[in-house]
Amino acid sequence: MCTSPQSERFRLNSQLAQMLKGGVIMDVTTVEQALIAQEAGAVAVMALERVPSDIRKQGGVARMSAPELIKAIKEAVTIPVMAKARIGHFVEAQLLEALKIDYIDESEVLTPADEECHIDKTKFAIPFVCGARNLGEAARRIAEGAAMIRTKGEAGTGNVVEAVRHMRAMNREIRQLTSLPEEEVGPFCKTNGVPLEVARQVRELGRLPVVNFAAGGLATPADAALMMQLGCDGVFVGSGIFKSADPAKRARAIVKATAYFNDPAKVLEASMDLGEPMPGIEMKTIPEAERLASRGW
Amino acid sequence: MIGILDLQGGVVEHLGHFKRLGVPARRVKTLEELDTLTGLVLPGGESTCLGRLLRIFGLDAAIRRRAAAGLHMWGTCAGTILLANEIEGETPHLRLLDITVRRNAFGSQLDSFNTVATVPEVAPKPVPLTFIRAPVITRVGPGVRVLLEVRGATAAVTAPGILATIFHPELTPTLAFHAYFARQCGLTPLLPASGPTDPAWSPEAWTQLAPLPGPAASG
């Protein structure tokens, strides 16, 4: 199997991501949560053992979830099921492909298995979504075969600031790249670590060639609408839903706010009477070594 | 004017195809925007998400009223599920088309596929078809006509004022289905001289209607 960006399989995989646009992908850790997410209008669920805020609290090595849990969630819902593999852990990815889920997230939320190499995603038929902090990271993941990109944000914090930083960085660098004279493209690519073939595509399209979602720290309907207004194609919400006081209500509200992100009256309506959001963490209190976004390159 | 239901899913892909045909089309997010339309496309996406949003904003009742008053409807993939009278194991949504559908009937994303088929009523020559986690139509009621079967499954049907396809013409270079629907809505599509396939289309064509926010954005 070779899923190069020109292949039919890659096209089908990026087209599935296109069908998720404008939607909310929710982290779930049990079958019950998966059913709540589906009922609330999630466009996909991310099946995992611990949400990022618990991974952050409990520490240790975070690995791919137990396959029986992923299988049980896949059997319980009709919407697409995603699951996470460790960065560079291509055998975890092989297992997830054998489980026939719908999308793999090669994720910095898990402890990286390889500090140099990401998974060669062109070797898989199953699609991958990968996190990025800037255009260089996004473009390298696309060159490796990712069919969908998301901001890294800082998962498990309930603090949207890093997702905003990453989205603004991507947009700024895309605008720079598209406005450069031809002779400055090479130096820009060298400085920013952007593979030339992806840079050419970005210049032609004026944006990433694949769907780009927001992720990492979103906790409120307003956070989701903020990321959509910044130009994201949809959102992931991890700990933000099932670590809040009323997950079903908050899940429905975030779906509503994402669909009507440009309509403040509807986002306001969605923000009413939700109960407590998840507790948030201020970035300055997280030591550099505990920042998940700096995993991968 | 043709509207594309813009709550979630493959909206810009449909807009792009109608634009290529010179057919006026716009996004539809609210009740008011349903007025003045002659046709409405229910795009691909997740039917559970779309169905829920239709319900909470009262769009489902409004669409049913407009359909009864002659609004033409086309559902692609999830849109077909929204139109169906029956969904296996689930509560139906709009109940505008006497069919039964089975969600996600071919398997996981690894079972999504492309194929080619001829649909004589829509185009004389074979057209490419893209199936993404597609449903199938398992029962067709009286008054519903089958336009296409693929792999033994009913893949496209029509009834007075309604078209339903479980595949995605908007994800391929063929404009044939969009031209067919526009004609059903009483509009005149301008097909390229070369036929119903747009040679300028690329898989990334959708990005042109999903740009980064411009300098005017408040962000």
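Here are the numbers for the structure shown:
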item: Test for A:F261: is it touching a helix residue (DSSP H, G or I) at 6+ places or on another chain (Cβ under 7 Å), of a type in the set (F, W, Y) and not in a helix (DSSP H, G or I); result: yes
item: Any hit, the stretch A:150-173, residues being out of contact with any helix residue (DSSP H, G or I) (no Cβ under 8 Å at 6 or more places or on another chain), touching a residue at least 40 places away in the same chain (Cβ under 8 Å) and polar (S, T, N, Q); result: yes
item: Total residues in the stretch A:224-243, condition open to solvent by less than 10 Å² (accessible area, probe 1.4 Å) and away from chain B (no Cβ under 13 Å); result: 4
item: Subset of the stretch B:2-44 that is open to solvent by 10 Å² or more (accessible area, probe 1.4 Å) and on the phi > 0 side of the Ramachandran plot - its residue that is farthest from the other protein chains (Cβ to nearest Cβ); result: B:G22
item: Selection count, the stretch B:114-137, where residues are touching a helix residue (DSSP H, G or I) at 6+ places or on another chain (Cβ under 7 Å), closer than 19 Å to B:P173 by Cβ and either at pLDDT below 95 or open to solvent by less than 40 Å² (accessible area, probe 1.4 Å) (or both); result: 5
item: All strands (runs of 3 or more DSSP E) inside the stretch A:1-119 with 2 or more residues being more than 14 Å from chain B (Cβ to nearest Cβ) and either open to solvent by 20 Å² or more (accessible area, probe 1.4 Å) or among the basic types (K, R) (or both); result: A:81-86
item: Failed item in (1) under 15 Å from B:A156 (Cα atoms); (2) in a helix (DSSP H, G or I); (3) among the charged types (D, E, K, R), with B:D60 passing the rest; result: (1)
item: Filtered residue count, the stretch A:131-147, keeping only those that are more than 14 Å from chain B (Cβ to nearest Cβ) and touching a residue at least 40 places away in the same chain (Cβ under 8 Å); result: 10
item: Residue count, the stretch B:153-212 (criterion: within 12 Å of chain A (Cβ to nearest Cβ), open to solvent by less than 10 Å² (accessible area, probe 1.4 Å) and among the aliphatic types (A, V, I, L, M)); result: 1
item: Scope the stretch B:122-155; condition closer than 11 Å to B:R102 by Cα and among the hydrophobic types (A, V, I, L, M, F, W, C); matching residues; result: B:A134, B:V136, B:I137, B:A153
item: Test: residue in the stretch A:244-253 that is among the hydrophobic types (A, V, I, L, M, F, W, C) and either part of a loop (DSSP other than H, G, I, E, B) or away from chain B (no Cβ under 13 Å) (or both); result: yes
item: Test: residue in the stretch B:16-37 that is outside any strand (DSSP E or B), more than 30 Å from B:A193 (Cα to Cα), under 17 Å from the mean Cα position of the chain (by Cα) and small (G, A, S); result: no
item: Residues that are closer than 13 Å to B:T48 by Cα and either surrounded by fewer than 22 Cβ atoms within 10 Å (Cβ to Cβ) or within 13 Å of chain A (Cβ to nearest Cβ) (or both), drawn from the stretch B:61-81; result: B:C77, B:A78, B:G79, B:I81
item: Any hit, the stretch A:199-219, residues being open to solvent by less than 50 Å² (accessible area, probe 1.4 Å), farther than 30 Å from A:G41 by Cβ and among the hydrophobic types (A, V, I, L, M, F, W, C); result: yes
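The values are calculated or read from the model by the stated rules, or taken from the named source; none is laboratory data. Quick caveat: nothing in here was measured; it's all calculated off a predicted structure. Note that each Cβ is placed from the backbone with ideal geometry, even for glycine, and that neighbours are counted across all protein chains shown. What goes into the accessible areas is simple: the full protein's heavy atoms, side chains included, and nothing from ligands, DNA or RNA. Shrake-Rupley method; radii C 1.70, N 1.55, O 1.52, S 1.80 Å.
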